[in-house]
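S.K.: I'd like to ask you about the structure that follows.
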Number of protein chains: 2
Amino acid sequence: MARPGFPVTIRQVALHAGVSRQTVSNVLNAPHRVESGTRQRVGSSIEALGYRPNRNARNLAARRAGLIGYCVPESDTPNPFMDRFLHLLTAEVERSGRNVLLFTGGAVGVYADLVAQRAVDAFVLADTVDDDPRHGWLAERDVPFVSFGRTWTGRQPGPWVDLDGAGVCRRLVAGLHDLGHRRIAFVGKCGATGQYLDRVRGWRAGCDALGLPSDRLVCAEVDTVEAGGVAMRNLLDSEVPPDAVIAVSDPIAVGVHREVRRQGLRPGTDVAVTGFDDSPLASVVDGGLTSVRQPVERFARTVVDLLDSANGDRCVLLPGEIISRGSAPIRLTEQDVNEWESR
Amino acid sequence: MARPGFPVTIRQVALHAGVSRQTVSNVLNAPHRVESGTRQRVGSSIEALGYRPNRNARNLAARRAGLIGYCVPESDTPNPFMDRFLHLLTAEVERSGRNVLLFTGGAVGVYADLVAQRAVDAFVLADTVDDDPRHGWLAERDVPFVSFGRTWTGRQPGPWVDLDGAGVCRRLVAGLHDLGHRRIAFVGKCGATGQYLDRVRGWRAGCDALGLPSDRLVCAEVDTVEAGGVAMRNLLDSEVPPDAVIAVSDPIAVGVHREVRRQGLRPGTDVAVTGFDDSPLASVVDGGLTSVRQPVERFARTVVDLLDSANGDRCVLLPGEIISRGSAPIRLTEQDVNEWESR
DNA sequence: CTGAAAGCGCTTACAG
DNA sequence: CTGAAAGCGCTTACAG
């Protein structure tokens, strides 16, 4: 094994194997061009010396970076699955000998800098928001990227992968209907993304399809535990209170759940409650909180697939997984794998 | 701005400014060697052309990588502050123009590979465990690294940064004592690290110092919400039940907290409860859960400081911050900044 | 203070 | 199938 100060170079391998440097290079990069005897001999030398090509040299010559850029978001309320996504993305990218390069900032200028320095081959964009300027900037310059999460307004170029929020909300409604619930409320907040709208649309479609009411069953300004509790109190005080609630996040669902108990009602029986993201909160709620788990593994795999595919503008919607717990013991049907392509 | 296919090189800047390539290089890397007139002229050309040095070329010539390696852990129960740490570490490293390179695996072989490829200049080690083999391997080969978290047994080379768990537990005991609590229990699990031992030691020292009992007030096999509840039930059933509980994690504390309420006792009044890490759980518990926040910002800053300092074996213990909430409304004293150096 | 030279360690066409 | 040549885009001593 080489010491940092004395790395093994391709020249030493060539000397050791009695061939030229470019033959060693060929063994590494185009093995089919090398006769199998030579290949074996060079292979043993590589093994014997513990040779690994210097990445900078290799990438400089090959005009690539071997790195995928990812901006670590600094949101104060981070998605609870972002760390898992990052892990799985890294693992996926490693399969082809690349790594993830982390940076912060998120402004287009930071991306421009990285591109100008040829520090990365491509980007994975997370935390996309409405009218995200990054997509256009990158697309104009032919910098490869895949967006993890749609942006919602205007024309947003480039491929993306996202949760089918509408689809899973429809399935939640159906599952709650199966359990006998008939007045299913929807609680969330219309924020900087269309995520809320996507989900509320699915909820309403589900209600319509089953002949359930949806009027006056929406709270659209709720995004904390406390607000969830307040919203639930108001709903229960109304003339026709709901017997089920779909919340767009686990914290909101916790607030709703707590208020249900405060009123002496039984969660999951009198009033069902569901959340989103299957965060640690969901398993900590007494009796458990039914929640939608994001398909993080498939997100990571699909992102890298799109990154490496020539097909530039594919968009993939992945189904969420309903994790059924006490707060809404929904019976699961076979997860219909609905991969939907747009454009 | 250069298009990806047509990057601006140092030669074009030189042409544009009417100087040689190495003068441009000097402006970038040793500006003091260049006369200020030339420097300005070259500077304008750099600006005008939007030139940024190619990282691979620069690093190849300078024999460095400009990258800090960090292995993203895949633990199923990740530390709730790891994503924040990663963000802050990245930001800290960027101050000197470097970035974080992410990889997975964690085996020594993966580190060896990265070193052989000269893919990184140094490593930050997280998720350290007892008898972690990485420290020794890296130290023997003079690969710079800093460990985020001690390892606990045997001789572990290299600098590290960690939470002063004993110290903060002592302060928790004192704070609870101030509130009138006299039988303070300690609940946790002796796992793959000495973390538990560190904290239990601080708790016991705190009790001893104040003349409080500690015998039969320890539960050492608890590491889930449910187990926390069971442990608390047993403690409350004992002859002399505790009036306060320090749990080594927020989930455990949640279990304890829930059991307190089940028994009709008031958390924070009849029985105080504290957790660790100030995870989302802590703010979601009814009334709030007092918890110890990890000094993540200082962790990141200190890790990078140690990485860049010649002083190879410094170890830094950083104080935890007590976030006081309803479950144990501890009055905070001035956070004594105790930076403790060992060896 | 400035520039010609050598070199970082590889890969990619391109002859033989 | 193999190797001599050119080059990736920079930096680092080292002359002038």
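S.K.: Assuming B:S75 fulfils every condition listed in (1) within 30 Å of A:A91 (Cβ to Cβ); (2) small (G, A, S); (3) within 16 Å of DNA strand C (Cβ to nearest atom) apart from one, which condition is it?
M.R.: All conditions are met except number (3).
S.K.: Suppose we filter the range B:39-61 for residues that are over 15 Å from B:R21 (Cβ atoms) and of a type in the set (A, V, I, L, M); how many remain?
M.R.: Residues flagged as over 15 Å from B:R21 (Cβ atoms) and of a type in the set (A, V, I, L, M) within the range B:39-61 amount to 2.
Condition check ((1) within 14 Å of chain B (Cβ to nearest Cβ); (2) at pLDDT 95 or above) across all residues:
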site	(1), (2)
A:V168	no, yes
A:F186	no, yes
A:T193	no, no
A:G206	no, yes
A:A209	no, yes
A:G229	yes, yes
A:V240	no, no
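S.K.: Got a sec? Which of A:V42, A:V27, A:V72, A:V34 is within 14 Å of chain B (Cβ to nearest Cβ) and modelled with pLDDT under 95?
M.R.: A:V72
S.K.: Which of the residues spanning the range B:242-285 are within 23 Å of A:S279 (Cα to Cα) and charged (D, E, K, R)? Spell out the reasoning first.
M.R.: Just the residues of the range B:242-285 that are within 23 Å of A:S279 (Cα to Cα), to begin with: B:247-259, B:273-285.
Within the range B:242-285, B:D250, B:R258, B:E259, B:D277, B:D278 qualify.
S.K.: I'd like to know if the range B:41-51 contains one or more residues that are farther than 26 Å from B:A300 by Cα, within 8 Å of DNA strand C (Cβ to nearest atom) and not in a loop (DSSP other than H, G, I, E, B).
M.R.: Residues of the range B:41-51 farther than 26 Å from B:A300 by Cα: B:41-51.
Keeping just the survivors that are within 8 Å of DNA strand C (Cβ to nearest atom) gives none.
So far as the range B:41-51 goes, no, none of its residues is farther than 26 Å from B:A300 by Cα, within 8 Å of DNA strand C (Cβ to nearest atom) and not in a loop (DSSP other than H, G, I, E, B).
S.K.: Moving to a separate point now. Looking at the range A:123-136, which of its residues are crowded, with 19+ Cβ neighbours inside 10 Å and touching a residue at least 60 places away in the same chain (Cβ under 8 Å)?
M.R.: A:V124, A:T128
S.K.: Considering only residues that are small (G, A, S) and more than 19 Å from B:G69 (Cα to Cα), look in the range A:43-65 and name the one that is nearest to the chain's Cα centre (by Cα).
M.R.: Looking at residues that are small (G, A, S) and more than 19 Å from B:G69 (Cα to Cα), I get A:A62.
S.K.: Looking at (1) on the phi > 0 side of the Ramachandran plot; (2) away from DNA strand D (no atom under 14 Å from the Cβ), which is the one condition that is false for B:C71?
M.R.: (1)
S.K.: Return the residues of the range A:26-37 that are assigned to a helix (DSSP H, G or I) and either surrounded by 18 or more Cβ atoms within 10 Å (Cβ to Cβ) or more than 12 Å from DNA strand D (Cβ to nearest atom) (or both); say none if nothing qualifies. Working first, answer last.
M.R.: From the range A:26-37, those assigned to a helix (DSSP H, G or I) are A:26-29, A:31-33, A:36-37; that's our starting set.
Across the range A:26-37, the qualifying residues are A:N26, A:V27, A:L28.
S.K.: Provide a single number: the residues in the range B:127-156 that are of a type in the set (F, W, Y) and over 16 Å from B:L306 (Cα atoms). Show your work before the answer.
M.R.: Just the residues of the range B:127-156 that are of a type in the set (F, W, Y), to begin with: B:137, B:145, B:148, B:152.
Add one more test, that the residue is over 16 Å from B:L306 (Cα atoms), and what stays is B:137, B:152.
Residues in the range B:127-156 being of a type in the set (F, W, Y) and over 16 Å from B:L306 (Cα atoms): 2 in total.
S.K.: Would you please list the contacts, defined by Cβ atoms under 8 Å and residues six or more apart or on different chains, that run from a residue in the range B:56-78 that is surrounded by 14 or more Cβ atoms within 10 Å (Cβ to Cβ) to a residue that is among the aromatic types (F, W, Y) and in a strand (DSSP E or B)?
M.R.: The qualifying pairs are B:I68/B:F123; B:G69/B:F103; B:G69/B:F123; B:Y70/B:F103; B:Y70/B:F123; B:C71/B:F103; B:C71/B:F123; B:V72/B:F103.
S.K.: Does B:G106 qualify as being touching a Cys at 6+ places or on another chain (Cβ under 6 Å) and modelled with pLDDT under 95?
M.R.: yes
S.K.: So which residues in the range B:258-303 are part of a helix (DSSP H, G or I) and of a type in the set (F, W, Y), if there are any at all?
M.R.: Residues of the range B:258-303 part of a helix (DSSP H, G or I): B:258-262, B:280-284, B:296-303.
B:F299, the sole residue that qualifies.
S.K.: Next up: Taking the conditions exactly as written (within 16 Å of DNA strand D (Cβ to nearest atom) and at pLDDT 95 or above), does A:L114 satisfy them or not?
M.R.: On the way: within 16 Å of DNA strand D (Cβ to nearest atom): yes; at pLDDT 95 or above: yes.
Taking the combined requirement at face value, the residue satisfies it.
S.K.: So in the range B:82-105, with the set limited to residues that are farther than 18 Å from A:Q117 by Cα and assigned to a strand (DSSP E or B), which one is nearest to the other protein chains (Cβ to nearest Cβ)?
M.R.: Residue satisfying both the conditions and the ranking: B:L102.
S.K.: Which members of the range B:52-69 meet the condition of being facing chain A (nearest Cβ under 8 Å), part of a loop (DSSP other than H, G, I, E, B) and over 18 Å from A:L102 (Cα atoms)?
M.R.: As a first pass, look at the range B:52-69 and keep what is facing chain A (nearest Cβ under 8 Å): B:52-57, B:59-60, B:65, B:67.
Now drop any that are not part of a loop (DSSP other than H, G, I, E, B), which leaves B:52-54, B:65.
Once the filter is applied, which keeps residues that are facing chain A (nearest Cβ under 8 Å), part of a loop (DSSP other than H, G, I, E, B) and over 18 Å from A:L102 (Cα atoms), the range B:52-69 yields B:R52, B:P53.
S.K.: Further question on the same structure: Give the range A:106-122 a look and list any residue that's of a type in the set (K, R) and either part of a helix (DSSP H, G or I) or more than 8 Å from chain B (Cβ to nearest Cβ) (or both), or say none.
M.R.: Applying the first criterion (of a type in the set (K, R)) to the range A:106-122 yields A:118.
Correct list: empty.
S.K.: Would you tally the residues in the range A:147-167 being closer than 22 Å to A:G206 by Cα and within 10 Å of the chain's Cα centre (by Cα)?
M.R.: Total meeting the criteria: 2.
S.K.: Further, regarding this structure: May I ask you to list the residues in the range B:38-55 that are touching a residue at least 40 places away in the same chain (Cβ under 8 Å) and either more than 10 Å from DNA strand D (Cβ to nearest atom) or more than 13 Å from B:I10 (Cβ to Cβ) (or both)?
M.R.: Across the range B:38-55, the qualifying residues are B:L49, B:G50.
S.K.: Here is a follow-up. Identify all residues within the range A:278-295 that are buried (at least 22 other Cβ atoms within 10 Å of the Cβ) and within 14 Å of another protein chain (Cβ to nearest Cβ); write none if there are none.
M.R.: Taking the range A:278-295 as the starting set, the residues that turn out to be buried (at least 22 other Cβ atoms within 10 Å of the Cβ) are A:278-279, A:281-282, A:284-285, A:289-292, A:294.
Correct list: A:D278, A:S279, A:L281, A:A282, A:V284, A:V285, A:L289, A:S291.
S.K.: On to the next question. So is A:I246 modelled with pLDDT of 95 or more and touching a Cys at 6+ places or on another chain (Cβ under 7 Å) or not? Before you say what the answer is, go through the steps one by one.
M.R.: On the way: modelled with pLDDT of 95 or more: yes; touching a Cys at 6+ places or on another chain (Cβ under 7 Å): yes.
For A:I246, the condition - modelled with pLDDT of 95 or more and touching a Cys at 6+ places or on another chain (Cβ under 7 Å) - is met.
S.K.: Further question on the same structure: With the structure loaded, tell me whether B:V271 is surrounded by 24 or more Cβ atoms within 10 Å (Cβ to Cβ) and either under 30 Å from B:R84 (Cα atoms) or within 14 Å of chain A (Cβ to nearest Cβ) (or both) or whether it fails that test.
M.R.: Details: surrounded by 24 or more Cβ atoms within 10 Å (Cβ to Cβ): yes; either under 30 Å from B:R84 (Cα atoms) or within 14 Å of chain A (Cβ to nearest Cβ) (or both): no.
Answer is no for this residue.
The values are calculated or read from the model by the stated rules, or taken from the named source; none is laboratory data. Please read these numbers as outputs of a predicted model, since none were measured by experiment. Neighbour counts are summed over all protein chains in view; Cβ atoms, including those assigned to glycine, are modelled from backbone coordinates with ideal geometry.
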